[in-house]
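Heads up: the structure comes next, in structure tokens.
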Amino acid sequence: MHTYDIPLVPGPTAVSQKVLAAYQVDYGSADLEPEYFALYADTQALLRQIMSTGNQMALMSGEGMVALWGALKSCLQSGDKVLAIATGVFGYGIADLAGSIGAQVETVAFEYDEAATDLEQIESTIRRFRPKMVTLVHCETPSGIVNPAAEIGTLVRQHNVPLYYVDAVSSIGGMPVPADEWRIDLCLGGTQKAFSSLPDLGIVAVSGQAWEVIKAVDYQGYDALAPFHTALGDAYFPYTPNWHATAALYTACSLLIDEGLEAVFARHHRAAARCRERVQAMGLSLFPQDPATSAPTVTAVRVPDSASWNDLDGALRRRGMVVGGSHGPLADKVFRIGHMGMQADLDLLERGMNTLAEALNDVGL
Ligand SMILES: *Cc1c(COP(=O)(O)O)cnc(C)c1O
């Protein structure tokens, strides 16, 4: 098995020994033991702190994508209007997912190196189109950009849009995502990003308003949210819950709460700032047009014109470091340094940046 000394992939991220230890237990049957229901409730309580919400959570087997799919299918019926705000791979992807289940989708489209800062355009489209749901990706991991989820939440509130769907998979745990204050009805997370756990659970914080819609839509399927509304109260889950994954997520959340959320967010901020400083000092360019929109969890860097991503990736791997390439139209043009979760660590980043400088040298830059 190949493991790397310097893991800087923007997910799945490195997993701590404490979180790994939570998997190393021969748990009982999660369908039967009251202890599992207590663990689920305790994990929900910690997630509520991390996401500043009183909303009820669904913890679903899968990872980020099960949350993305499940929340769309559970809330939308054929012909429902969805306004997709798209600035990157996941934003455009969510528009496609919604379209594939029959929604009438209108996209407010931005370039991949931009954030969704044109609020007037978003507002006028909400006014004209009257969507049932607005979708947004808080942090576009493939392009390292944070979108103004709070400001768009204000528009959603002002115009009484029934549902605000926010993919916060790569921001929850690395920066504040106060779901209630931002009026997020479906706040979506995954375990393998800033929680630094394995890719095994999708997390959705669901507002009261969204539960009403879910009940009316009555979607049936493995990824349906509806059963999670009553699961804890009735001690009855729609399928055998993953006790190991829940225990690991509980441990990961405890580590964040014990460190203090302000300290956790500050650690991410420092790691991101240091990463950008070092990258730019090497003569590389950041991908986001406006550096102020760069994410605290991931830095996207342009592959220099005179280099191939394949060669640079090979040189990094030979030196024991692994980062992320990118996806879709950004493949081979952008690479990404993931400083989220355990990887938001200044020592790790300094070593990573020294190794990046050496690898650039290896490929003749
Ligand atoms: C990682 C991620 C997801 C989940 O996608 P996977 O490729 O299945 O891990 C969803 N949204 C965003 C923004 C992500 O970064």
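Before moving on, here are some points about what is shown:
- Selection count where residues are outside any loop (DSSP other than H, G, I, E, B) and either open to solvent by 10 Å² or more (accessible area, probe 1.4 Å) or over 25 Å from D113 (Cα atoms) (or both), scope region 168-177: 1
- Scanning region 184-214 for residues that are away from the ligand (no atom under 16 Å from the Cβ) and either in contact with a strand residue (DSSP E or B) (Cβ under 6 Å, 6 or more places away or on another chain) or among the hydrophobic types (A, V, I, L, M, F, W, C) (or both) yields D185, V206, A210, W211, V213, I214.
- T53 in contact (Cβ under 8 Å) with a residue 40 or more places away in the chain, among the polar types (S, T, N, Q) and open to solvent by 10 Å² or more (accessible area, probe 1.4 Å): yes
- Meeting the requirement of 1 or more residues that are within 19 Å of L348 (Cα to Cα), the helices (runs of 4 or more DSSP H) wholly within region 201-314 are 243-259, 261-281.
- Among residues of region 178-207, those that are among the hydrophobic types (A, V, I, L, M, F, W, C), more than 20 Å from Y40 (Cα to Cα) and open to solvent by 10 Å² or more (accessible area, probe 1.4 Å), counted: 1
- Only a single criterion out of (1) open to solvent by 20 Å² or more (accessible area, probe 1.4 Å); (2) over 19 Å from the mean Cα position of the chain (by Cα); (3) touching a residue at least 12 places away in the same chain (Cβ under 8 Å) is not satisfied by Y40, namely (1).
- Every test in (1) without any contact (Cβ under 8 Å) to a residue 40 or more places away in the chain; (2) within 15 Å of the ligand (Cβ to nearest atom) is passed by S61 save one, and that test is (1).
- Of all the residues in region 80-101, those that are more than 14 Å from the ligand (Cβ to nearest atom) and within 23 Å of N160 (Cα to Cα) number 6.
- Here A21, A14 are screened, and the one residue that is part of a loop (DSSP other than H, G, I, E, B) and open to solvent by 20 Å² or more (accessible area, probe 1.4 Å) is A14.
- Pairs with Cβ under 9 Å, 6+ apart, first in region 286-306 and of a type in the set (K, R), second in a loop (DSSP other than H, G, I, E, B): R302/L284; R302/S285; R302/F287; R302/K333
- Region 288-323, residues that are over 17 Å from V9 (Cβ atoms) and polar (S, T, N, Q): Q289, T293, S294, S306, S308
The values are calculated or read from the model by the stated rules, or taken from the named source; none is laboratory data. Note that this is a predicted model, so its numbers are computed, not measured. Heads up, the Cβs are rebuilt from the backbone with ideal geometry, glycines too, and the neighbour counts pull from every protein chain shown. Each accessible area value is taken on the protein alone, full model and side chains, heavy atoms only, with ligands, DNA and RNA left out. Shrake-Rupley method; radii C 1.70, N 1.55, O 1.52, S 1.80 Å.
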